[in-house]
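A quick write-up on the structure given underneath.
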Amino acid sequence: MAFSQRVAQLKSSLIRDILAAAQQPDVISFAGGLPDPALLFWHESESPLPKQLAQYGPSEGEPTLREYVANYARQQLGIDCQAQQVLILSGSQQGIDLVSKLFIDPQTPIITESPTYLAALQCFEFFGADITGIPLSPTGIDLPRLQQALQQQPAFTYLIPTFQNPAASCYDAEHRQQVVQALQAARVPLIEDDPYRDLVYDEVERRPLCAQMTADDSWVYLGTFSKTLAPGLRIGFLIASPDLLPHLLRLKQAADLHSSRLGQYLVLQAVSSDSYQSHLQTLQQHYRQKRDVMQRALQAELSDIADWQCPAGGLFFWLTLKERLDTRLLLPDWLKQGLAVMPGEAFYPENQVELGHLRLNFSHASEQAIEIGVARLAAGLRKALDD
Ligand SMILES: Cc1ncc(COP(=O)(O)O)c(C=O)c1O
């Protein structure tokens, strides 16, 4: 496994190490730059929030939230891990940034799915990665192409196996196993991004690939509370194999010292509350219904000019136009008609762009707006096909 050159310069922050020691109540600390707790803004206020949240906290994250995540990962995801392997992040997006810093120098080869998550591409390309995109099918990834790309010894493989953004695909059990075996044989680290797993509408295989990893493997699992609680909190997490965690922790220290303690506290309150499970069920029912409304509207309006699979989870439909128009060129007209959609071309690595796809989100608009929006979409497409 090869890290980026910059990692050789990455030291642990001495101050953070001393501050950890200075947590003991009988230590007189002249070490850090911690404000006097009695003068922190909340101290005198009536706020019900615990006052210690106003002080700097540990870079790893709040111990109770790390424990919660490790328990959840062991019990619900089948990932064999300890709380020490958990790093709380400022959104799982931060994990993508930290992984990029850890592995990518200009021209470092990496593998992603193609298409893949836009902001991951943005990050990987910013650090200068040489990206090989592997095509997806609704139930997996092109295995021969993956195996071929693994022969170039990429620094890592970034995958979204469950309810992929943007393509809505979900690997079946066989693909999950074969991909893990291929990565293990090539000894290439896996970065598994799994933000949508709880937004599930039909029964499908969702067991993370990281659950099949062994003690010899290098892996990072990225999770988030954005899709189930509130994206504005900016709280996500990573769980990493023990060889990677110390490097990621230092990069986290260098990036932002730690994630918002208030955000972490609110997440912990929410996930420990009695109503959390019923909240998840409500989300699932509500989004399933919207998905079905969009599915019916698409069938009524677009079945002769586009193909798609009804997504089993997540937040998106991925349309493939029978005539492969460049959907970026259609966007200005749709915007004039009061409709915003994502042209599919944006989700491909540079030089591997495929024309003729659209990503449609179904969670945000009302049911009525979904029907009106799909009608506008169809009218715009038919006009473009006639021109
Ligand atoms: C695949 C994927 N990864 C990561 C993220 C980032 O999520 P967060 O809000 O946790 O940073 C998103 C958000 O849309 C996403 O779709």
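The values are calculated or read from the model by the stated rules, or taken from the named source; none is laboratory data. Note that the coordinates shown come from a computational prediction; the quantities given were computed from them, not determined experimentally. Quick reminder, even Gly has a Cβ in these numbers, built from the backbone with ideal geometry, and neighbours come from all protein chains shown. The area values use the complete protein model at the heavy-atom level, side chains included, leaving out ligands, DNA and RNA. Shrake-Rupley method; radii C 1.70, N 1.55, O 1.52, S 1.80 Å.
Quick one: which residue in Leu257, Leu262 is open to solvent by 10 Å² or more (accessible area, probe 1.4 Å) and at positive phi?
Sole residue among the options that is open to solvent by 10 Å² or more (accessible area, probe 1.4 Å) and at positive phi: Leu257.
When the residues of the range 197-213 are narrowed to those that are of a type in the set (A, V, I, L, M) and more than 16 Å from the ligand (Cβ to nearest atom), which ends up most open to solvent (accessible area, probe 1.4 Å)?
Val204
Which of the numbered conditions does Ala120 fail, given that it passes all the others? Conditions: (1) over 21 Å from Glu345 (Cβ atoms); (2) touching a helix residue (DSSP H, G or I) at 6+ places or on another chain (Cβ under 6 Å); (3) not β-branched (Val, Ile, Thr).
The single condition Ala120 does not satisfy is (1).
Is it the case that some residue within the range 310-317 is free of Cβ contacts under 8 Å to residues at least 24 places away in the same chain and not polar (S, T, N, Q)?
Taking every residue of the range 310-317 in turn, at least one turns out to be free of Cβ contacts under 8 Å to residues at least 24 places away in the same chain and not polar (S, T, N, Q).
Are any residues in the range 125-142 surrounded by 20 or more Cβ atoms within 10 Å (Cβ to Cβ) and either of a type in the set (A, V, I, L, M) or assigned to a helix (DSSP H, G or I) (or both), and if so, which ones?
If the condition is that a residue be surrounded by 20 or more Cβ atoms within 10 Å (Cβ to Cβ) and either of a type in the set (A, V, I, L, M) or assigned to a helix (DSSP H, G or I) (or both), then Ala129, Ile131, Ile134, Leu136, Ile141 are the ones that fit.
Count, please, the residues in the range 1-30 that happen to be more than 20 Å from Asp256 (Cβ to Cβ) and either in a loop (DSSP other than H, G, I, E, B) or without any contact (Cβ under 8 Å) to a residue 24 or more places away in the chain (or both).
13
Could you check the range 319-346 and list, in sequence order, the residues that are under 18 Å from Glu301 (Cα atoms) and in contact with a His (Cβ under 8 Å, 6 or more places away or on another chain)?
Selection gives Leu319, Thr320, Leu321, Thr327.
Sort out which residues of the range 365-379 are small (Gly, Ala, Ser), over 28 Å from the mean Cα position of the chain (by Cα) and farther than 17 Å from Leu331 by Cβ, and write them in order of number.
Hit for the range 365-379 is Ala375, nothing else.
Taking Ile88 as the residue in question, decide whether it is more than 16 Å from the ligand (Cβ to nearest atom), open to solvent by less than 40 Å² (accessible area, probe 1.4 Å), in the same structural domain as Gln152 (by TED's automatic domain parsing) and touching a residue at least 60 places away in the same chain (Cβ under 8 Å).
No.
Under 9 Å by Cβ, and 6 or more places apart or on different chains, what pairs join a residue from the range 168-196 that is within 16 Å of the ligand (Cβ to nearest atom) with one that is part of a helix (DSSP H, G or I) and of a type in the set (Phe, Trp, Tyr)?
Correct list of pairs: Ile191/Phe103.
Taking the range 103-124, which residues are surrounded by fewer than 23 Cβ atoms within 10 Å (Cβ to Cβ) and either away from the ligand (no atom under 16 Å from the Cβ) or within 21 Å of Leu248 (Cβ to Cβ) (or both)?
If the condition is that a residue be surrounded by fewer than 23 Cβ atoms within 10 Å (Cβ to Cβ) and either away from the ligand (no atom under 16 Å from the Cβ) or within 21 Å of Leu248 (Cβ to Cβ) (or both), then Asp105, Pro106, Gln107, Thr108, Pro109, Tyr117, Ala119, Gln122, Cys123 are the ones that fit.
Could you list all residues from the range 214-231 that are more than 9 Å from the ligand (Cβ to nearest atom) and of a type outside the set (Asp, Glu)?
Once the filter is applied, which keeps residues that are more than 9 Å from the ligand (Cβ to nearest atom) and of a type outside the set (Asp, Glu), the range 214-231 yields Thr214, Ala215, Ser218, Trp219, Val220, Tyr221, Thr228, Leu229, Ala230.
Of all residues in the range 326-338, which are surrounded by 19 or more Cβ atoms within 10 Å (Cβ to Cβ) and within 11 Å of Ala379 (Cα to Cα)?
Trp334
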